[in-house]
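Every number in this text was worked out from the coordinates using simple rules, so none of it is lab data. Keep in mind the model is a prediction, meaning the values are calculated, not measured. Note that each Cβ is placed from the backbone with ideal geometry, even for glycine, and that neighbours are counted across all protein chains shown.
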Amino acid sequence: MADYRAMWEGLGMDVKTHDLLCEALPQAFGDVYLSQENRPEGMDYFNMVVAEIHGIRPMELVEHHKKGGRVVGSFCIHVPDEVVVAAGAIATGLCSGSQFWVPGGEKKLPTATCPLIKASLGARFDRTCPFFRLADLFVGETTCDGKKKAWEILAEDAPMYIMDIPQMKRERDYAHWRDDIRGYIRRLEELTGNGVTEGSLHDAIVLLNGKRRALQRLSDFRKLDAVPISGKDVLLITQIAFYDDPGRFTSMVNKLCDELDQRAREGVSVFPKGAKRILLTGTPLSIPNWKLHHLVESLGGAVVCEEMCTGIRYYERCVDEDGRTLDEMVDRLTERYLGGIHCACFTPNSERVDDILRLAREYRADGVIDVNLKFCNIYDTEGYFVERALKDAGIPVLGVETDYTDQDAEQLKTRIGAFLEML
Ligand code: BJ8
């Protein structure tokens, strides 16, 4: 890896502690990813991006800052990146998926908080993540209780802006969310000094739809009998989608898909014939949380779809591009970012259950694993409906609760192994 120490120091990071993370990541990545056989060549780009995760992209953000540009970080797929791009800023995901940051979060938060929230706060307060140093604005949302209260603590150290996502989807909730998106546009205009125009917002919608379509194209290969790419690789690509340059990312995913077209024609699969096809549903898997995919695929299963925010929920539905005026475009964003995402923070949320049943059919899943991050009460509770609907539909389902540690790896291995065998 190139030497980025000067940049990290310049960002006010705790470089010594950060070195420990830099030492651990290559080993973990090698064990989980580089050990796979017959990976597509198009994965080289994504391998490189991860190998230099705290180098290449942060350096680009530093360059953007030097030119007077702004960086906006967010934690939830309800926050519309189109607004950020239209204002000439760079959007980056901030959700953290490593145990490395959890103890730092626990200094501020109750232990009984989900690891995603704890790691996100730890990354900021420990000063061990460049993205958390580079964001000029941190955008939180009112989805789950844990996040809502955590933003108040984060606000003591970072410039926060909160979006008030409704918890129902009635007409007045759409009106409220529309207003909130308008408020977000104003905040971004203030931050960047750039106006969000009809042209810039339309271009941003088209740009980010391009990213979604590329990810959907990639996902479609997983519907084939002979699946040409592992679930682990697709997860990695989806995680990278949250912080890579969107135009470059889209062209690299499409390039990989061209290679997969060839594999599909030749019937090449990365899985042995008869590998059990698994759909994962539940809480997001932020980088570098590869635990479940690694377990399933090491045990001979094939992860073919994720009904998750680091999966289908992020890219399956595009923003309609037919809006011409700013108001029309805000309407389209409202429809997509409220009506098109079925997070467990909504009540009722039967659309998510419908999605899971549909996706299980489309991707011909032999079984579903309902994954819950420890202490995520809303997804855990919604598991009641998810698991009942799957059982009623005759689709085997396994519910698992886990965190970012490896303490439960053996127990999960036994349970997932038994589940795969029973399919
Ligand atoms: S749209 S899933 S990204 S809120 S896992 S922090 S819900 S306690 S991340 Fe999420 Fe937006 Fe919903 Fe998706 Fe809370 Fe649960 Fe933790 Fe969660």
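Taking 18 Å as the straight-line reach from the Cα of Lys413, the lysines in range (excluding those fewer than 8 positions away in the same chain) are Lys232, Lys276, Lys291, Lys374.
Could you give the distance between the Cα centres of the range 332-362 and the range 1-40, to the whole Å? Centre-to-centre (Cα) distance: 35 Å.
Which is the longest part of the chain that has none of the GluC sites (Glu not before Pro) sitting in a DSSP loop with at most 12 other Cβ atoms within 10 Å? Before the final figure, lay out the partial values.
Details: sites that count: Glu37, Glu41, Glu156, Glu321.
Counting only loop sites that pass the neighbour cut-off, the longest clear stretch is 157-320.
Under 14 Å from a point placed 7 Å out from the Cα of Ala112 along the Cα-to-Cβ direction: which residues of the range 134-173 have their backbone N that close? What the label zone holds, given the 14 Å backbone N cut-off, is 146. Per residue, the average separation of C-alpha pairs within less than 8 Å and at least 6 apart gives the range 343-423 a relative contact order of 31 percent. Just flag the trypsin sites (Lys or Arg not before Pro) in the range 167-243 sitting in loop per DSSP whose Cβ has no more than 14 other Cβ atoms within 10 Å. Taking the range 167-243 and a limit of 14 other Cβ atoms within 10 Å, the loop trypsin sites (Lys or Arg not before Pro) found are Arg170. Helices in the chain, meaning DSSP H runs of at least 4 residues, each add -39500 (n - 2.57). Divided by all residues, the mean residue ellipticity at 222 nm is -16000 deg cm²/dmol.
Projecting label points 7 angstrom from Cα along Cα→Cβ for Asp3 and Leu326 puts them 4.9 nm apart.
Straight-line reach from Lys67: taking Cα to Cα under 18 Å and skipping same-chain neighbours fewer than 8 places apart, the aspartates and glutamates in range are Asp136, Glu189, Glu190, Asp245. Estimated at 0.36 nm per residue, the fully extended path between Glu259 and Met168 surpasses their Cα-Cα distance by 28.5 nm. Cross-link partners of Lys169 among lysines, defined as those whose alpha carbon lies under 25 angstrom from its own and excluding same-chain residues fewer than eight positions apart: Lys147, Lys148, Lys149. Both the radius of gyration and Dmax for the chain are 20.5, 59 Å, in that order, over alpha-carbon atoms. Structural descriptor for the chain: relative contact order 17 percent, calculated from alpha carbon pairs under 8 angstrom and at least 6 residues apart. Farthest toward the positive end of the dipole of the range 188-306, out of Thr197, Phe249, Leu279, is the Cα of Leu279, where the dipole comes from beta carbon charges about the Cα centre. Only alpha carbons enter this Debye calculation for the range 67-166, each as an equal point scatterer, and the log10 of I(q)/I(0) it gives at q = 0.10, 0.13 Å⁻¹ is -0.24, -0.41.
Label separation (Glu63 vs Glu41): 2.6 nm, computed from points 7 Å beyond Cα along the C-beta direction. All other residues whose Cβ lies under 13 angstrom from that of Thr405 are scored, Lys and Arg at +1 and Asp and Glu at -1, for a net of -3.
Shape verdict for the range 117-204, please, from the Cα gyration tensor: rounded (a/c under 1.5), prolate (a/b greater than b/c) or oblate. Oblate, because a/c is 1.5 or more while a/b does not exceed b/c.
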